[in-house]
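Input: a single structure, listed below in structure tokens.
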There are 2 protein chains.
Amino acid sequence: MSATLHDVARAAGVSIKTVSNVINNYPHVRSATRERVEAAIDELQYRPNQAARSLRSGRADMIGLIVPDLRNPYFAELADDVMRAARAHGFSVLIEQFDAERDSELAALRGARRRGLDGVLYSVLSLGEDDAALLDEVGMPMVLLGERIFHSAHDHVTMRNTEAAYAATAHLIAAGRRRILALGSHPGEVVGSAGLRLRGYEAALAEAGRELDPRLVVPVDRWHRIDGAEAMRAVLNSGVQFDGVVGFNDSLALGAMRVLLERGVRIPEEVAIVGFDDLDETRYSLPALTTIDPGRSEIARVAVDLLVERITGDAEVAPREFLADFHLVERESTRS
Amino acid sequence: MSATLHDVARAAGVSIKTVSNVINNYPHVRSATRERVEAAIDELQYRPNQAARSLRSGRADMIGLIVPDLRNPYFAELADDVMRAARAHGFSVLIEQFDAERDSELAALRGARRRGLDGVLYSVLSLGEDDAALLDEVGMPMVLLGERIFHSAHDHVTMRNTEAAYAATAHLIAAGRRRILALGSHPGEVVGSAGLRLRGYEAALAEAGRELDPRLVVPVDRWHRIDGAEAMRAVLNSGVQFDGVVGFNDSLALGAMRVLLERGVRIPEEVAIVGFDDLDETRYSLPALTTIDPGRSEIARVAVDLLVERITGDAEVAPREFLADFHLVERESTRS
DNA sequence: CTGAAAGCGCTTACAG
DNA sequence: CTGAAAGCGCTTACAG
């Protein structure tokens, strides 16, 4: 078995409390004592037992990240950002994925509790406003990412969906595009990302004095590449004319772009495209995709900061909302 | 505070041992007793304290996955596969990323120990054969993924690099390609993936009675998209003629493909390309990329199985090696 | 600046 | 089939 605090204390000729003080960088330890203890630690290859520490202190120094799917590059990049932010606070990150079904999402939330985490970042997907009560059952500090639940008692970090979609659409209008497709709507949705982004699209058209042509608002099921490709195929087959596309995320835009290129449509000459998310790969597509940088790394950093504050500090602060700064990244797909 | 075993025991009128038996599905509990205990658990919303459980049992039911970088889709997809495999055994996965520097890799290994994990899956990058001793210091069950360290005392799960590269190259030869680029070599490397794949490339040429033209073996620094793009640019500028490319991974192949398309080279008519890894996105590139499916989900499953066996079972079994089955996935980039 | 004691909430032996 | 006791390895709160 590996060495314990007692073994180190015995070897260094001090009490276990003093060893604990050294390990936890308690400042008032005489430096001679500290050195003796450190020598014993090295000698015995002592490593604190995390379970014992956790049991006594009530802290695991670990947070959960509950996301739909790491194969989706958006969440993989978010996970990377979150892990870096957490590390800066000395926290590890346990990632829990869930599938498209609601039950799987609830199971992931319950799992967080079972695993003895200190708190969770939860990227809401299927749960809606009616589920706010379920969130309270999680029973630990939680920060929400994403859009669905607006009136919950939790901190909430997200992007400026509507403003960003406005900016993306206005960018195409300024480039002289007359008929702009909104690719990725979820009909009937109001508070989700799709609803908010559609609002920005509409606002930009209204601002420019354009009529909204409902045939240009293209609904999709999910926001994966395949959905963008299929929707674009349907649009092309329907004969609707357009010269610009606002993809509600990069995957949709990339899927649509692939179909356009396949059909021999020139980008950006005939059709200009903007996406959303600034995925790493948008820099490497051909043409490189103009997109909205939603401030994801800022979102990750702020979300971790808020969560750590809840974990370590006063839990009685009122729920906070943070909206990250975004900006348009202009690349080849809209450059004339 | 939340309820403890004692609270439940008191409410159900039994000892804490009986509650523990119910929670752990110990079979010999009278069903009337079980029901009474379960009612008390529901009533009090009791959840076992994971730290206490862990301290007493010596098990955390958590494994580490140490990988270079989740932004790299290969590792994101691997992480997804590993998490699914681990869940089937009731284990969670703590992901620890490291950067390109050796020190960061060592820190990740040390962190695994500090976090009280039961074991780790470690995807070796910078550490070499000389570091085998360091691996033993990790002091917990470990399964290696990848190539670098061959003679270690640990289980090792990997793909058939040489055979797969042979198959990729042979596929291009069979399609009538005469001058095939090997994109992604690491000069001087023997036991790493690059060395092994180069060997397969060479073997396929030899088998077909072709001479090896050293100008067709293109070294790169790392295996990211940008490296494939830059290397391809250099090749095109050098004037070396070729009609086929074996990219040593998909990212290199996709980066090279982008540059070829930019220069107006037709794929596959003028140049056919094969990659390695079967990343999700190779299905959606234009043209879709022919690639090697290295059996990654099998690798993840077997690696988790071996690790769980080490954790729960007899640790004295000799180190095992497992090579996954691969296959060539033919898509547009080589289809004539 | 350091120590002796208590106890976090479980599971593990053992007993009956 | 169930119970009473011990103890996993720390940190906390207190004392000096």
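Expressed as a whole percent, the proportion of Cα-Cα pairs in the stretch B:5-48 lying more than 18 Å apart is 10%. Relative to the longest principal axis of the Cα atoms of chain A, the long axis of helix A:225-238 lies at roughly 10 degrees. Solvent-free Debye calculation, one equal scatterer per alpha-carbon of the stretch A:31-108: log10 I(q)/I(0) at 0.16 Å⁻¹ equals -0.78.
The mean count of C-beta atoms from other chains within 10 Å of the C-beta of residues in B:105-116, rounded to a whole number, is 2. State whether the stretch A:170-302 is rounded, prolate or oblate according to the following rule on the C-alpha gyration tensor (a ≥ b ≥ c being the square roots of its eigenvalues): a/c under 1.5 gives rounded; otherwise a/b larger than b/c gives prolate, and the remaining case gives oblate. It is rounded, given that a/c, with a ≥ b ≥ c, falls under 1.5. Only DSSP H runs of four or more residues enter the estimate; each adds -39500 (n - 2.57), and after division by the residues of chain B the mean residue ellipticity at 222 nm equals -13500 deg cm²/dmol.
Over the Cα atoms of the stretch B:237-336, the radius of gyration divided by the Kirkwood radius equals 1.20; this is the Rg/Rh ratio. Basic side chains Lys and Arg get +1 at the Cβ, acidic Asp and Glu get -1 at the Cβ, and with that the dipole of the stretch B:206-271 about its Cα centre reaches some 220 debye. Dipole of the stretch A:5-48 computed with +1 at Lys/Arg Cβ and -1 at Asp/Glu Cβ about the Cα centre; of A:His28, A:Ala9, A:Tyr46, farthest Cα towards the positive end is A:His28. The mean number of Cβ atoms from other chains found within 10 Å of a Cβ in peptide B:45-51 is 5, as a whole number. Going from the fewest other Cβ atoms within 10 Å to the most, the residues A:Thr291, B:Thr4, B:Thr18, B:Thr290 appear in the order B:Thr4, B:Thr18, B:Thr290, A:Thr291.
Alpha-carbon geometry of the stretch B:254-309: the Rg and the Dmax are 15.8, 53 Å, given in that order. For A:Ala60, the residues whose amide H sits under 5 Å from its own are A:Asp118, ignoring neighbours fewer than 5 places away on the same chain, with H placed 1.01 Å from N.
Sequence-distant contacts, meaning Cα pairs under 8 Å at least 6 residues apart, place the relative contact order of chain A at 15 percent. Sort chain B into rounded, prolate or oblate with this rule: let a ≥ b ≥ c be the square roots of the eigenvalues of the Cα gyration tensor; rounded if a/c is under 1.5, and if a/c is not under 1.5, prolate when a/b is larger than b/c, oblate otherwise. Prolate shape, in that a/c is at least 1.5 and a/b is the bigger ratio. Normalised Debye scattering of the protein assembly as shown at q = 0.05 Å⁻¹ gives log10 I(q)/I(0) of -0.28, counting only Cα atoms as equal scatterers and leaving out solvent. May I ask for the distance between the Cα centers of the stretch B:120-169 and the stretch A:11-82, given as a whole number of Å? Taking the Cα centre of each part, the stretch B:120-169 and the stretch A:11-82 sit 28 Å apart. Label points for A:Asp42 are taken 7 Å from Cα along Cα→Cβ. From this copy to the others they lie 5.9 nm apart, shortest first. Nearest to the axis that brings chain A onto chain B is this chain A residue, judged by its Cβ, with the distance in whole Å: A:Ala76, 2. If R0 is 30 Å, the Cβ-Cβ spacing of A:Arg199 and A:Glu269 corresponds to a FRET efficiency of close to 0.50. Summary value for the stretch A:246-329: 28 percent relative contact order, contacts being C-alpha pairs under 8 angstrom separated by 6+ residues. Can you classify the stretch A:146-248 as rounded, prolate or oblate using the Cα gyration tensor, where a ≥ b ≥ c are the square roots of its eigenvalues, rounded means a/c under 1.5, and otherwise it's prolate if a/b beats b/c and oblate if not? It comes out oblate by the Cα gyration axes. Toward the positive end of the charge dipole of the protein assembly as shown, with +1 on the Cβ of Lys and Arg and -1 on the Cβ of Asp and Glu, the farthest Cα among A:Ser251, B:Pro141, B:Ala300 is that of B:Pro141. Rounded to the nearest 20, the size of the Cβ-charge dipole of the stretch B:1-71 about its Cα centre is 240 debye, with Lys and Arg at +1 and Asp and Glu at -1. Using alpha carbon centroids, what distance separates the stretch A:271-316 and the stretch B:252-289, in Å? If we compute the Cα centre of each part, the gap is 28 Å. Secondary structure note: in the protein assembly as shown, about 10% of the DSSP beta bridges are antiparallel. Normalised by the number of residues in the stretch A:5-48, the average gap of Cα pairs under 8 Å and 6 or more apart makes the relative contact order 43 percent.
Each reported figure results from applying straightforward, stated rules to the coordinates on display, with no laboratory input. Please read these numbers as outputs of a predicted model, since none were measured by experiment. For neighbour counting, all protein chains shown are included, and Cβ atoms are generated from backbone atoms with ideal geometry for every residue, glycine included.
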